[in-house]
Structures are given as C-alpha cells and as structure tokens.
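Read through the structure below, which is laid out as structure tokens, and then see the notes.
The values are calculated or read from the model by the stated rules, or taken from the named source; none is laboratory data. Every value quoted in this text rests on a predicted model; they were computed, and no experiment measured them. Don't worry about glycine lacking a Cβ; one is built from the backbone with ideal geometry, like all the others, and counts go over all protein chains shown. Quick note on the areas: whole protein, heavy atoms, side chains included, nothing else; ligands and nucleic acids left out. Shrake-Rupley method; radii C 1.70, N 1.55, O 1.52, S 1.80 Å.
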Amino acid sequence: MDTPSQPDSLLSRGSHLSDPSQAYTFHTDLDNLSGGTTETALGASISSIHKISTLNLRHTVDLRAITYGGTVDENLVCPICRCPFVDPVLTDCDHVFCRACIDDALSHGELCPVDRLPLSQATIARAPKMVFNQLDALKAKCPCCGNIFARAILENHLEKYCLEAMVRCPGSLSEQGCTQVVKRRLSTQQCLHYPAQCPDCYETLEQIEMESHRQTLCRDRTKLCDYCEVEILRCEEIEHKAECPDVLQICKWAQYGCQHESKRRDLYLHADDCHFKSIGPMAEMLKVEISSLRDDVRNLTETNQLQERRIKFLESGQRASDRPMDLMDLSLASMPEAASTDSLDSGHDYLLSLLETQQSRLSHLSAELSDFQGKNTMMLFNETLPIKNELAELRSTQQVTCMHVRWLMRFRMQENQRRFGVSPGLASTGGPDGGNGFGSDITLSRRLSDSSRDVITKL
Amino acid sequence: MAFASKRLGKELAKIHGSLPPGITLVTAEGFQEWLLDIQVLDANPIYMNKTFRLKFKFSPSYPIEPPEVTFLNTADRPVPMHPHIYSNGIICLDLLGQQGWSPVQNVESICMSLQSMLTGNTKNERPEGDEQFVASNRRRPRDIDFYYHDNTV
Ligand SMILES: [Zn+2]
Ligand SMILES: [Zn+2]
Ligand SMILES: [Zn+2]
Ligand SMILES: [Zn+2]
Ligand SMILES: [Zn+2]
Ligand SMILES: [Zn+2]
Ligand SMILES: [Zn+2]
C-alpha cells in the first residue's frame, strides 16, 4: 500500500479533510521555486492586490484523481487508465495514450494495447497540440472548494485563489514564525494556532479548529431552540433566531404605531387584520417622497449658496472696477491687492469652494484609477500565462530545429569537403562543361560555409 | 496500488451506472477482489436458467497486468461445463493470459467475452485431462501456460 510517490524533500499532505483520494498535494518548502524573472515580476504586481500572496504554497494536482464536470468526450479518455489524458502521446498506429500509461504497458510487452500491433518507444510522439488544448479546456472540479475551472488553470487557482486550499499561516510573517498551514479562507486574520476554549463544551483546543469543531465534532454542539424546540447548532443560534418561526416578531407597520406582536409563523394572519395595513403603505410612500423632496431642497440650497458666493465675487469685482483703474488690474493675478475689503473674503470663499470640489473630484478619480489598475494587472496576468506557456513550447521547438539545421550543415560541409577536396582549384582548371556543373555546387558550398562559419569554428 | 484503485474506481462508477444484460455485480469490496454473476441470455440448453459466479482478483499493477479470473463453485453457482473451463473454475482463455491481455480490457469486457464464449459452446464437456489437472495443479491461473488450442469456441 505504501506509495513512494513524493520525493523526501517534499512535504506532501493530501486534503484528507475534504477528499480521501488525495487529489492534490502542496509543497511547503519549495514555494516560489517555479518562477523565472518574469514570474517574479508578475508575482510582485499581484501581491499588491492580494496582500496574502506571500503565504502561497505550490500545489500539484493529480489529474487522475479529480472529478470532471459534465461528460468528458470519450475520445479524450485514455483506454488504459480510463481518465482524460495526462501528457498524451500518439502512436504510429494512431492511438493516443497517457505517456505514463503507455510507458507502463510497453514495459510489459511491445504491443499496442488497442490493436496489438508491434509498438516501441521510438515510434511514440507527443500528441498534437489540439489534443492538449482540448484537455486544457476540460471542466475540472477543484478538489478543495468544489468549483469548476478549466483543467489548465486548476493548479494556479489552488496556488493563488482557492479559499479552501492550504496556504502558510499568516503567523509565519510575524516574529512568532508559525510553521503551520491553514486554509486561505482563514489566512486573512492573524495566526489562529493558539489554545482556546470551546464555548459549548469548555474543552481546550486550537482556535483554528474551533469552527469545524463547533459545527461537527463538539459533543455539546447542539441545543434545542428556546422557541421552536428544533435541534440547532449553538454556533448558529443567532442566524437561526433571525428566521425561527416561533420567535416573537413585531408587525411590519410597528413604526407607524401598530402594537401587534406574534410568532413569526403567525404574522401573516395579522397582516389582513392590521389596522395599519392601508396606512402603512401610504406612510411608506410618503416617507420616500419626503426624503426625495429633502434631497431636492438640499441640492437647491447648495446651488443657492454657490450662486450667492458668485454674486458676491462679481460684486467685489464690480466695486474694484469702479475705482479708476486699468482693465488689466481686473485680472485674477491682481485680485489680492485690488480687493482689500470684506469682498476679499467672499472671493476667497468662492475660490476655496471651487478648489474643494476639484479636490474631491480628483480623489474620486484616483480611487477609480487604482481600481482600474488592479483589474488591469489581473487581466494581464491571466492573459500572459497561456502566452508564456506557448512561448516556452515554441522556444523548445526552435531549439530542436536549430540543432537539426546545425547537424545538416555540418553533414553537408563534410560531404562537400570529401567530394571536392580542393575544389576551387579543380574547377578553374576543369573543362567548360564540368566547370559549369561544379561551379554551381561550389557557390552553394560557399554560401553554406559563410553562414555557418561560427558554427564550424565552435565545433 | 494507487493506479489500480483509481482505474477500478472508475470502472466501478460505470458499473453502478449500467451493466450489459446478464451481468450483475455481487460485491466489490476494496480494489482487490470483486464478485460478479453472469448468465447466458440465449437458449443454449447447456446453460439454461443457470447463473455462474466469477471471482476477479486484481494485482497492484492492474490494468497493465491481467486480473485473475476464475469461476466459483458453490451450492447454487456451479462451474459451467465448457471444454476450456476446468472443474476447479480455472479458465483457459487467451484474453486472461499474460500474452493475450491488453490494458484496454476491463471487468465488463471480460464478462462479455466469457458470456459469448459460453453462448457459442455446444460441447457439454470438460477440457482434456481435467481430473489430472485439477488434482495436480498448485499454481495460480496466471502462471499457467495454456496452449490455446483453438479459437473457434
Ligand atoms: Zn492513461
Ligand atoms: Zn494501436
Ligand atoms: Zn478551489
Ligand atoms: Zn499559525
Ligand atoms: Zn466543544
Ligand atoms: Zn427556533
Ligand atoms: Zn399590525
């Protein structure tokens, strides 16, 4: 039964609370290992959004143990493990298997498991990109929170967003240096790894386990509701009271004077008899009306004040212009010395109010801007992830092609050297017919050697 | 064990959903041993109104390695008469041997193969040398190299 699936350096603990099949593992001492330079740059911008991101752990999902949403296309299911393919390969008899599955099968006999044709490792190639894309798009259920995501982003979801996935305890950042892990849901507070007393059974246990203890484990977790005598959880008593059918409740028109009070379940009986049943809605309507009128009045007062200030300002300008002065002096720059009386105050008031409104508008804009920035970073990250993957793939393909070209060139060079030896001399002394034929080959070999000179010197 | 149990879990889920006619799951406790009942559906007089019980034993390397499949012999579940089935329940079928096995086979497909093997049979007899084989054999079925004489039955 022992499965030596994880190397010793990885501390792996399955989600034994939610799923017995160990659909995922997380690694507490290898976090942030996956990142290159771009990764860390992105990580930094994200941590400004999610303050708790430094607590993230790396998660590995066992794609054969997770549940898939809906029915998976039979063509995407491996005939050996009966799961949607993991790292699929294509045989030259046109069958697709998981790489691990066909490796296993081939170690027992070099036959294709489906059609029993001879098959060897050499004739197996990576499945077409299209198959990978289809697999990436499969709807997979998160082993922690149960929500459905595309299979390709499941690990990222667990690592960075899933509220039920494990992260490092926030206590690891403070000086107490807690080394435990907690669900992300609980990581927004401080470290909860301290002993506390259950208010129901008075047992002492770690605060972090309190919630699940009070909900499922505590022997004194339930009580009978004081009103309806239905068994309820003590920790949910308040929520229950808000909807308990036997709790006394006042009539909904109580604020307009109805004195009636009855159990919640009987309240509907009173609704018809209530003396306030026709006044209530009316009063409600009037209340809305009045509040809207009040708003109107407030707006009007504000505009009025603004107008008054404006008038005062203009009046002061008028007074200033009554004096014998140039028109130039009316400009705002000369305002302070021109208006030295009480009109200065009203002028300043007006400017100040203008400034205030500008300031509030500015703060509003900057809030919107930072909001937008956050959204933008998220979007950018979501979009760059697949591109990055594709880039890595392209890069590897390009390297392979490079190697091929290099090999071909060297091969061609050697062949040419062997064929012609000191070919330039031969060509110049050869006959006219032979000279032409050779000449074209020589120019070709020159061109090749020119473009591949650096390669050759390296070799 | 992990791989085998995952795959068997999938098969079990499918079996609980639906099974072909004439095949019923008896027990599937754990991922080591399952019991299934099979019946021959057409009117073959040799197997009429009879039910046979199959025992599947899975190794940790299932489905890369074949399961060990035998007929059980109980009061109401006899071992079917067939020139390829020994009276101790051991089945001589290439599909179940190391050579004939393929990991794409599964419990359901094995049951169906056995069903059709019985359906097509007309000889109400045991394999040659049955008594001697049953008396002397101490090996496990998968270690026996059967000579798969003819594929017509
Ligand atoms: Zn597979
Ligand atoms: Zn094939
Ligand atoms: Zn989740
Ligand atoms: Zn802690
Ligand atoms: Zn308790
Ligand atoms: Zn109640
Ligand atoms: Zn009332």
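When chain B is modelled as a GNM with alpha-carbon springs shorter than 10 Å, which of B:99, B:115, B:39 fluctuates the most?
With Cα springs under 10 Å in chain B, the top fluctuation among B:99, B:115, B:39 is at B:99.
State in Å² the accessible area per residue of chain B; use a 1.4 Å probe, count heavy atoms of protein chains only, and round to the nearest integer.
With the other protein chains kept in place, chain B gives 50 Å² per residue.
Rounded to two decimals, what is Rg over Rh for region A:194-244 when you use alpha-carbon atoms and the Kirkwood radius?
1.02
Describe numerically, in nm with one decimal, the distance between label points set 7 Å from Cα along Cα→Cβ at residue B:19 and at residue A:349.
Spacing of the two 7 Å Cα→Cβ label points: 9.3 nm.
Given the C-alpha centroids of region A:192-246 and region B:1-70, what is the distance between them in whole angstrom?
Taking the Cα centre of each part, region A:192-246 and region B:1-70 sit 46 Å apart.
Give the interface area between chains B and A as buried accessible surface, both sides summed, probe 1.4 Å, in Å² to the nearest 100.
Roughly 1400 Å² of accessible surface disappears when B and A pair.
Run the numbers on region B:1-39: which residues show a drop of 30 Å² or more in accessible area, chain on its own versus all protein chains together, using a 1.4 Å probe over heavy atoms?
Listed by number, the residues meeting the 30 Å² cut-off are B:1, B:3, B:6, B:7, B:10.
If we restrict to alpha carbons, what Rg and Dmax does region B:4-143 come to, in Å?
Answer for region B:4-143, Rg first and Dmax second: 14.7, 43 Å.
Enter the mean projected area of the convex hull around the alpha-carbon atoms of region B:25-71, in nm², rounded to one decimal.
Value for region B:25-71: 3.9 nm².
What percent do you get for the relative contact order of region A:222-286 when only Cα pairs under 8 Å and 6+ apart count?
22 percent
Can you run the Rg to Rh ratio on region A:95-148? Use alpha carbon positions and the Kirkwood inverse-distance Rh.
In region A:95-148, Rg relative to Rh is 1.13.
Full-extension gain between residue A:272 and residue A:373, please, as 0.36 nm times their residue separation minus the C-alpha to C-alpha distance.
The span from residue A:272 to residue A:373 would gain 30.9 nm if fully extended.
Below 8 Å, C-alpha to C-alpha, sequence gap of six or more: please give me the relative contact order for chain B in percent.
Reported as a whole number, the value is 20 percent.
When you count, for each residue, the other Cβ atoms within 10 Å and take the mean per peptide, how do B:47-56, A:127-136 rank with the highest first?
The densest-packed peptide leads the list: B:47-56, A:127-136.
In debye, nearest 20: dipole of chain B around its Cα centre with unit charges on the Cβ of K, R (+) and D, E (-)?
400 debye
Of all the accessible heavy-atom surface of region A:170-304, with the other protein chains kept in place and a 1.4 Å probe, what percent is carbon and sulfur?
52 percent
From other protein chains only, count the Cβ atoms within 10 Å of every residue's Cβ in B:100-106, then give the mean.
6
Regarding region A:60-135, what is the average projected area of its C-alpha convex hull, in nm²?
5.3 nm²
In a Gaussian network model over chain B where Cα atoms closer than 10 Å are linked, find which of B:59, B:136, B:18 has the largest mean-square fluctuation.
Among B:59, B:136, B:18, the largest mean-square fluctuation in the Gaussian network model of chain B belongs to B:136.
Ranking request for peptides B:30-38, A:68-76: highest mean number of other beta-carbon atoms within 10 Å first, then the rest in descending order.
B:30-38, A:68-76
Could you sort the peptides B:77-83, A:363-369 by per-residue average Cβ neighbour count (10 Å cutoff), highest mean leading?
B:77-83, A:363-369
How many percent of the accessible area of chain B is carbon or sulfur, using a 1.4 Å probe?
It is 49 percent, rounded to a whole number.
What pairs from A:183/B:10; A:139/B:14; B:10/B:50 go past 26 Å between their alpha carbons?
A:183/B:10; B:10/B:50
Would you list which lysines come within 28 Å of residue A:287, measuring only between C-alpha atoms, while excluding same-chain residues fewer than 8 positions from it?
Leaving aside lysines fewer than 8 places away in the same chain, those within reach of residue A:287 are A:252, A:263, A:277.
Do any residues of region B:59-98 show a loss of at least 50 square angstrom of accessible area between the isolated chain and the full protein assembly, using a 1.4 Å probe, and if so which?
Buried-area filter returns B:64.
Taking a label point 7 Å from the Cα of residue A:407 along the Cα→Cβ vector, which residues of region A:112-134 have an amide N closer than 17 Å to it?
Backbone N within reach: A:122-126.
Using a 1.4 angstrom probe on protein heavy atoms only, which residues from region A:95-135 are buried by at least 30 Å² of accessible area when all chains are present rather than their own chain alone?
A:104, A:108, A:113, A:116
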